[in-house]
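Structure first, commentary second.
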Amino acid sequence: MSELTSDPAELADNLQSVVGALVRRMRAASPRRAISLSQISILKRLDRDGPATVADLARADKIRHQSVTTAAATLIDRALIRRTTDPTDLRRKLLELTPAGRALLTERREAGSGHLADLLDERMTAAERQQLSKALGLLRRLID
């Protein structure tokens, strides 16, 4: 990956490799709490989007309903989320983040962000950080 490329397939492969490595590094810097990626995904989505049903979460993350049900049950047992009744439809059950779940996410974010900020400071010049900042706008276009 030492050469610059504009070939979409090669660029996609390189981007996937770099992003994957960065995610693994961030995970390694986060506190260990015996929590799976699917459980973290549920916590993050509830934090970002608010209360949701199991079906809503499964649809949003494109995973099986049963997978969300299993992960959510563990999160409920650990008091990281709770099941409530939808005030607009008393038949529906919503999952929502508890203060303990929010605290876990905050702890993980702070540990990961702090670690990444240290790496940016140690391994990049101010000009390189500025280049990276510009590139983030391009990356955001891929996910919007």
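The values are calculated or read from the model by the stated rules, or taken from the named source; none is laboratory data. Source: prediction; values computed, not measured. Heads up, the Cβs are rebuilt from the backbone with ideal geometry, glycines too, and the neighbour counts pull from every protein chain shown.
Which condition number in (1) in contact with a strand residue (DSSP E or B) (Cβ under 9 Å, 6 or more places away or on another chain); (2) charged (D, E, K, R); (3) under 11 Å from Ser38 (Cβ atoms) is the one that Arg91 fails? For Arg91, the failing item is (3). Here Lys134 clears all of (1) surrounded by 12 or more Cβ atoms within 10 Å (Cβ to Cβ); (2) modelled with pLDDT under 95 except the condition numbered (1). For the range 19-52, what are the residues that are of a type in the set (A, V, I, L, M, F, W, C), part of a helix (DSSP H, G or I) and farther than 20 Å from Thr84 by Cα? Correct list: Val19, Ala21, Leu22, Val23, Met26, Ala28, Ala29, Leu37. Of all positions in the range 32-48, none carries a residue that is modelled with pLDDT under 90, surrounded by 14 or more Cβ atoms within 10 Å (Cβ to Cβ) and touching a His at 6+ places or on another chain (Cβ under 9 Å).
From the list Thr84, Thr69, the one residue that fits, being over 26 Å from Val19 (Cβ atoms) and touching a strand residue (DSSP E or B) at 6+ places or on another chain (Cβ under 8 Å), is Thr84. Looking at the range 53-144, the helices (runs of 4 or more DSSP H) lying wholly inside it that each contain 3 or more residues that are in contact (Cβ under 8 Å) with a residue 12 or more places away in the chain and not β-branched (Val, Ile, Thr) sit at 54-61, 65-77, 99-123. Within the range 103-124, identify whether any single residue is more than 20 Å from Val19 (Cα to Cα) and surrounded by 15 or more Cβ atoms within 10 Å (Cβ to Cβ), and answer yes or no. Checked the range 103-124: at least one residue is more than 20 Å from Val19 (Cα to Cα) and surrounded by 15 or more Cβ atoms within 10 Å (Cβ to Cβ).
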